[in-house]
């Protein structure tokens, strides 16, 4: 039983790669046949060759590491604060009345509009990128955590009280698990915003990272490196989403939505 | 499923002999002049009642007559506007073990079946024999083999049996039922009624059952209270031998009498929702 299930899963895993691989094949063939000029879009093999060269020089790994670090740290700061405030405002009416309307006001400012101000404040230091990523990630996590806590079934909370749960136990056993599906929606949405913000921030104001690498390459008309940078962003984004999905499936194994998916596969 | 439930019933009839003494554990309920209003709407207008320890009382009435409110007051979910109630002689040490079972199972979807039963142990959840006790109670309701599953895969009747196990695991002194079988199909209901009766006989707690179903009230209770206009309108004894049969003819006359009472009132009232 488990062996057949893992075979099915492996097949399922391959299906999602069929389309990207197909597109890359078409692209390579198009480049070889001369339909796609190299100045517009270099062939995949050229991109791989450029990547290999940068890899040997150590530049690629360094830039990926820098971008990855910025993403993770910015996400941890923004997500952490968003989660904490979402909990506070979801649990306490008073905190909600104090903070929520202000936060909702700030939420309506596109955080990328702050780039000029952020450059004035922080220059093009690490702090500027971390600030922007943290700000971008904050809101989806905040809003979804708060909503998740609020929408926990009040009948379950009542049940917990009748069975003498302390506020702490009630939180760990009833409120937090009940809010988790919504928190995960915020997490995955936040991860998307995280990469988006980082790309923009690194492209405009940075002296390292994948975005910086792409802008440098543009100056020297190295189209293959530009395309490589874009592909790396795509892969990192996909990686982050996959990690979130695995976590989600682990934590929400009880949820009928995930049971059905497992059953179908 | 019903076969399993019947086996569970057998398990309880074995328990019965040894644990009937546990009824010493049960508490009487005394209610004096209990009133409850929501805003300007008076739901309960002075309930006076004494329920001896270990008695099985059914409360029937039209919807909105306040029977569920009475239950919520007794388990401390709402505060009375006036009047008071107490368990035992009122001088009991610590909070009495009062549990309630709702129409909805209210299981934690993210806890296994066994985990849900353990919720019933409260702070005792961390004690060494917690798992053993929870498993024992789960066995008594015939669901021991489903212990590791998520509640979402159980049927309605099975979920209610888990909820029952959760209420029973801490050996309650008073157990309140708020239409616990209301959402179940007729066959599952009959099996569940038998299960409830056996468990009550075995554990000896004081039981208060709020129900729409007069047949169910007569099938299970020692005493049927009819509530009208926020007061106890009728207080009837049901002296039928136990364990009772679902289709006992002796109960039919009593049932008919209660139904007639309810329907007569329904004609004068605006709401004729009687099952």
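Observations on the model:
- Spacing of the two label points (7 Å from each Cα toward its C-beta) at residue B:234 and residue A:61, in nm: 8.7
- Build a GNM of chain A with springs between Cα atoms under 10 Å apart, and of A:31, A:182, A:207 the one that fluctuates most is A:31.
- Highest-first packing order for the peptide set A:47-56, A:238-247 is A:47-56, A:238-247, based on the mean count of other beta carbon atoms within 10 Å.
- Remark: region A:120-265 is approximated by an ellipsoid whose semi-axes, taken from the C-alpha gyration tensor as √(5λ), come to 41, 20, 9 Å, largest first.
- Förster radius 22 Å - calculated FRET efficiency between residue A:76 and residue A:150, Cβ distance, rounded to 0.05: 0.35
- Taking Cα atoms only, the orientation of helix A:2-33 departs from the longest principal axis of chain A by about 40 degrees.
- Residue with peak Gaussian network fluctuation, chain A [Cα springs, cutoff 10 Å], from A:82, A:123, A:13: A:13
- Global dimensions of chain A from alpha-carbon coordinates: Rg and Dmax equal 22.6, 74 Å.
- Computed over region A:42-264: relative contact order in percent, which uses C-alpha pairs under 8 Å that are six or more apart: 26
- Additional length obtainable on full extension of the chain from residue A:10 to residue A:235, 0.36 nm per residue less Cα span: 79.1 nm
- When you count the other C-beta atoms within 10 angstrom of each residue and take the mean per peptide, B:74-81, B:170-177 line up highest first as B:170-177, B:74-81.
- Counting Cβ atoms of other protein chains within 10 Å of each Cβ in B:104-117 and taking the mean gives 4.
- Helix A:93-107 axis versus longest C-alpha principal axis of chain A: approximately 20°, rounded to the nearest ten.
- The protein assembly as shown: calculated mean residue ellipticity at 222 nm from DSSP helix runs of at least 4, using -39500 (n - 2.57): -19500 deg cm²/dmol
- Förster-model FRET efficiency, 60 Å R0, residue A:157 and residue A:219, C-beta, rounded to 0.05: 0.55
- Extension gain for the segment residue A:127 to residue A:93, taken as residue separation times 0.36 nm less the Cα-Cα distance, is 8.9 nm to one decimal.
- Shielding of A:152-165 by partner chains, average beta-carbon count, 10 Å: 5
- Tensor-based shape of region A:1-81 (alpha-carbon gyration tensor, a/c under 1.5 rounded, otherwise prolate or oblate): oblate
- Length added when fully stretched, residue A:203-residue A:17, from 0.36 nm per residue minus Cα-Cα: 64.1 nm
- Considering all C-alpha pairs of the protein assembly as shown, those separated by over 44 Å amount to 39%.
- Between the Cα long axis of helix A:223-251 and the first principal axis of chain A there is an angle of about 20°, rounded to the nearest 10.
- Residues residue B:152 and residue B:132, FRET efficiency given R0 of 30 Å [Cβ-Cβ distance, rounded to 0.05]: 0.70
- Whole-Å distance, taken between Cα centres, linking region A:136-153 and region B:188-254: 46
- Highest-fluctuation residue, A:124, A:24, A:141 considered, GNM on chain A with Cα pairs under 10 Å: A:24
- Counting, for every residue in B:162-171, the Cβ atoms of other protein chains within 10 Å of its Cβ and taking the mean gives 1.
Readers should treat all values here as calculations from the given coordinates under stated rules, not as data from a laboratory. Please read all numbers here as calculations on a predicted model, not as lab measurements. Using ideal geometry, Cβ is built from the backbone for each residue, glycine included, and neighbour counts are taken over all protein chains shown.
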